[in-house]
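Engineer: Starting off with a structure, shown below.
The values are calculated or read from the model by the stated rules, or taken from the named source; none is laboratory data. All values derive from a computational prediction rather than experimental measurement. Counting neighbours? That spans all protein chains shown, and the Cβs are built from the backbone with ideal geometry, glycine included. Accessible surface is based on the protein model in full, side chains and every heavy atom, while ligands, DNA and RNA are left aside. Shrake-Rupley method; radii C 1.70, N 1.55, O 1.52, S 1.80 Å.
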Amino acid sequence: MLYYIHQPIVKSIKNFLKQIFQRYHIQKNAKTFWELVKLGSQIRQIHLLESSKVEEYITEFNIGGDCIVTKPNYKDGKVYISETQYFENVPEVAWNFYIGGYQPAQKWLKDRKDRKLEFDEIAHYQKIIVALSETDRIMKEINKIEIENI
């Protein structure tokens, strides 16, 4: 059944929805909408570490040492957990990436200060780096999409 809604009412509803859902955009183009859904789904899977992509490590960890996090820092593509141990091939964008006001790659290590990283934790951190790198890549794809709001 098709309903006719008076134009001023449609405009009023549209303005109301814009106020409540400021970050959401109602798309004119269905193709654009579904492209954004696909990319948003990828980001969700990556952030929940459900995507197989996060298993494709881009970093390496030199095992030689006690694996205790002392003072995490970033230098020349390496994230040092101590003076001698580091994750290698870490993109700077992953180290500096912000989500919700904090930097996950930095915070995760700082939360483990003076603790020994076990094998599973080393693997988890490598997944975090992939997730942050992939998030940056997908966000750049989203920014390339021409969005036409209603």
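Engineer: Multiply the residue gap between residue 34 and residue 112 by 0.36 nm, knock off their C-alpha separation, and tell me the result in nm, one decimal place.
Structural biologist: Full extension from residue 34 to residue 112 adds 24.1 nm.
Engineer: Just to be sure I understand the model, the point goes 7 Å from the Cα along the line to the Cβ. What's the resulting residue 49 to residue 88 distance in nm?
Structural biologist: Computed distance between label sites residue 49 and residue 88 equals 2.4 nm.
Engineer: Based on the mean of other Cβ atoms within 10 Å per residue, sort peptides 39-46, 97-104 so the most packed one is first.
Structural biologist: Result, highest mean Cβ count within 10 Å first: 39-46, 97-104.
Engineer: Also, I was wondering about something else. Roughly how many debye, to the nearest 20, is the charge dipole of region 36-150 about its Cα centre, given +1 on each Lys and Arg Cβ, -1 on each Asp and Glu Cβ, and no other charges?
Structural biologist: The calculated dipole for region 36-150 is roughly 300 debye.
Engineer: Can I ask one more? Mind listing the long-range amide H neighbours of residue 86? Cut-off is under 5 Å, sequence gap 5 or more, other chains count too, H placed in the peptide plane at 1.01 Å from N.
Structural biologist: When sequence neighbours closer than 5 places are left aside, the close amide H contacts are 62, 81.
Engineer: While we're on this one: Could you state how much accessible area residue 32 has, in square angstrom rounded to the nearest 10, with a 1.4 Å probe and all protein chains kept in place?
Structural biologist: Accessible area, nearest 10 Å²: 10 Å².
Engineer: Determine which residues of region 93-121 fall in the zone a paramagnetic label at residue 63 would reach in this model, i.e. backbone nitrogen under 18 Å from the point 7 Å along Cα→Cβ.
Structural biologist: Those under the cut-off are 116-121.
Engineer: How do 60, 88, 134 stack up against each other in accessible area, from largest to smallest, with a 1.4 angstrom probe? Working shown, then result.
Structural biologist: Working: 60 110, 88 65, 134 25 Å².
My answer, sorted largest first, is 60, 88, 134.
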